[in-house]
Each structure stands twice: as C-alpha cells, then as structure tokens.
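The values are calculated or read from the model by the stated rules, or taken from the named source; none is laboratory data. Keep in mind that what you see is a predicted model, and the values were worked out from it rather than measured. No Cβ is skipped: glycine too gets one built from the backbone with ideal geometry, and neighbour counts run over all protein chains shown. Ligands, DNA and RNA are excluded from the accessible area calculation, which covers all protein heavy atoms including side chains. Shrake-Rupley method; radii C 1.70, N 1.55, O 1.52, S 1.80 Å.
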Amino acid sequence: TAVRVSAIDLLAEVGEIDHVERVILFPSLLTKPQEVQDAIQRFVARILARDVSIYRVHPRNFEWLVRQYLEIDEFVAKQGPEGRDGGIDLFATRRTSTGEEQVAVVQCKRLRSQPVGEAVVQAIIDKIDTFVDGRRVTHGYVFTTSDFTKAASVRAHAFEREHKGRLI
C-alpha cells in the first residue's frame, strides 16, 4: 500500500491522466484502503488545480475526474455512454443524513474559452423529475472548466429560486 500511495503522489506531481492510469490505478475509490483513497483524493485535487493540464485531459477522462470528485462527496457515480449521451455524462446517487435518496444527472464540459450556454443548462433542467434507470432524477449538476453565459446563469438561478437547491 505504501508503494502505491507514493506512486500516486508522484504521478500527481508529474503525470497526466490517460486510460491506462485510470484503469490500473483507480477502478473504484470505494474498494481501496484509506491511505490509497487519501492519495487518490490528493491526486484528483492536484490535477484539477492545474489550469493547463486539465485541458489536455481527454473529455472522457475529465468525466472520470468529476466522477471521482462526486465519489469523494459520498455519491456512487457511473459514467454514461460515450458519444451521444443525451446530455448525461454521469449518473450519481447518494443518501442524505435524513435517508433521502438524491439522484443526479451530471453534464461535464471541459472548455477552455467557450462559456457553457443556456441550452446545456436547460438540458439538465429538463432531466430533473424524469426517470433514468428506473429512478426519479432529483438533482442536476453542470461541471465545467469554463464559465456560463449570462443567459445560462439567469436560467439556472431562476430554476434554483423555484426548486431550492436542485440544480448546481
């Protein structure tokens, strides 16, 4: 375990994510010893802190990084199909402290200079209260390396006011 933790820490300092690293090192946070989970969390934080490197990460690997972030936040997340995904890159669930199940759809946008538009926000909003894999979607998230257009922000804030915390 100590060697694996050191390797993950070193990779976080000098490496990039690619398919081989993802498959070999990180099949799931939930089945790893605590020291390895901590190293993976540090790794994800370091990769996400790099403005330049995040844009070199393949979009599918960016989705994987978001999935790891959600798992750190106690979600169980899975990636959707590659390619035309209907606006859902990830599907995530968790139980709150009150026992309520949160079911979220997630759209990931790894963009350098183009802001996320209203259509992306609306697509996520349209998924809330629908059923995915037999479960009612309660929340929607958009993760981006960019910003949002004014129209997208206005639409998201209007939905938030009406539905209190169901879109982030």
Extreme residue, positive dipole direction of the range 55-114, given options Pro81, Phe62, Thr93 (C-beta unit charges): Phe62
Rounded to the nearest 20 debye, dipole of the range 85-168 from Cβ charges on Lys, Arg, Asp, Glu: 200 debye
Peptides ranked, highest mean first, by Cβ atoms within 10 Å: ranges 107-120, 128-141, 64-77: 64-77, 107-120, 128-141
The range 68-168, accessible surface, carbon-and-sulfur percent (1.4 angstrom probe): 50 percent
Summed residue charge, Cβ within 13 Å of Arg155's Cβ, Lys/Arg positive, Asp/Glu negative: -2
